[in-house]
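What follows is a set of notes on a single structure, which appears directly below.
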Amino acid sequence: MTQIPEEPEGKPISASRTTLSHIMTAADTNLLGTVHGGVIMKLVDDAAGAVAGRHSGGPAVTASMDEMAFLAPVRVGDLVHVRAQVNWTGRSSMEIGVRVLAERWNESTPATQVGSAYLVFTAVDADGKPRRVPPVIPETEQDERRYQEAQIRRTHRLARRQAIRELRERRIAEGLDED
Ligand SMILES: CC(C)(COP(=O)(O)OP(=O)(O)OC[C@H]1O[C@@H](n2cnc3c(N)ncnc32)[C@H](O)[C@@H]1OP(=O)(O)O)[C@@H](O)C(=O)NCCC(=O)NCCS
């Protein structure tokens, strides 16, 4: 008989919320002299990965990254803070919301938001197969709003994937495209 694993106990969002901070140097710049978007994306993926690992209690892989927005340039000498938390959980996947803030490393001016992103991580077992994650427990009204917004994004991601799959299958069946 197939064993259906029990749903793990819920975990509050605050249990895995994480901030990763890093000072930008000349090694992080693009040809324009500002910080390369890919450097920020790596930090975003690292912070989100730490949150996903902490929430799920084991390995988790990046399944998708969407709505990565760059709101203002990041410069050499900026101290960048990447704040990440679980917004939503499914069966084996988690949406991680990330905010990127920057402040001058040697000034006491307030940090400004320079970016944001939503990533989906899937918890995997030793064979790389999806495994169950604890349901996340929103603790504040803001957490609750983020949870509801994440559900909307999840619905749209699934619908878009399904619509594209169906279009491709239809075009192949009509001989318009190759497999
Ligand atoms: C992510 C991965 C484990 C999913 O495996 P799969 O066999 O397709 O599993 P499923 O279709 O059952 O999906 C498992 C969960 O992930 C979610 N998921 C899978 N692909 C997704 C995508 N592209 N976007 C959003 N969610 C996704 C599913 O919705 C499902 O969520 P749920 O269990 O909460 O309902 C697999 O595609 C993988 O290993 N990808 C490579 C990941 C990686 O190496 N990342 C680093 C890149 S260098």
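The figures follow:
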{"read-out": "FRET efficiency, 1/(1 + (r/R0)^6) with R0 35 Å, evaluated for VAL61 and ASN106 via beta carbons", "value": "0.40"}
{"read-out": "Cα-based helix-to-principal-axis angle, 37-56 vs the chain, degrees rounded to 10", "value": "60"}
{"read-out": "Backbone HN-Hα couplings from phi across the stretch 110-124 [Karplus 6.51/-1.76/1.60, Hz, Gly and Pro as x]", "value": "x, 6, 10, 6, 10, x, 7, 7, 10, 10, 10, 10, 10, 6, 10"}
{"read-out": "Exposed GluC sites (Glu not before Pro) absent - longest run of the chain, DSSP non-H/G/I/E/B, at most 11 other C-beta within 10 Å", "value": "10-106"}
{"read-out": "FRET efficiency for GLU144 and ILE172, using Cβ-Cβ distance with R0 set to 41 Å, rounded to 0.05", "value": "0.45"}
{"read-out": "Magnitude of the charge dipole, the stretch 79-128, Cβ model with Lys/Arg +1 and Asp/Glu -1, debye to 20", "value": "160"}
{"read-out": "Spin-label model distance (nm) - THR34 vs ALA163, 7 Å beyond Cα toward Cβ", "value": "3.2"}
{"read-out": "Distribution of pairwise C-alpha distances over the stretch 16-74, 10 Å bins, in %", "value": "20, 46, 27, 7, 0"}
{"read-out": "Length gained when the stretch THR19-LEU79 is fully extended (0.36 nm per residue, less Cα-Cα span)", "value": "20.4 nm"}
{"read-out": "Within a Gaussian network of the chain (alpha carbon springs, distance under 10 Å), most fluctuating of GLY128, GLY97, GLY49", "value": "GLY128"}
{"read-out": "Estimated distance in nm for a label pair at ALA26 and GLN151, the labels positioned 7 Å out from Cα along Cα-to-Cβ", "value": "5.2"}
{"read-out": "From the C-alpha gyration tensor of the chain, square roots of 5λ in Å", "value": "32, 24, 15"}
{"read-out": "Student exercise, the stretch 1-160 dipole from Lys, Arg, Asp, Glu Cβ charges, in Debye to nearest 20", "value": "240"}
{"read-out": "Inter-centroid distance (Cα atoms) of the stretch 73-144 relative to the stretch 4-44, Å", "value": "6"}
{"read-out": "Net charge of neighbours whose Cβ lies under 14 Å from the Cβ of GLU174, counting Lys and Arg as +1 and Asp and Glu as -1", "value": "-2"}
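A short reminder: the numbers here are calculations on the coordinates, not readings from a lab. Computed from a predicted structure; not experimentally measured. Reconstructed Cβ throughout: ideal geometry from the backbone, glycine too, with neighbour counts over all protein chains shown.
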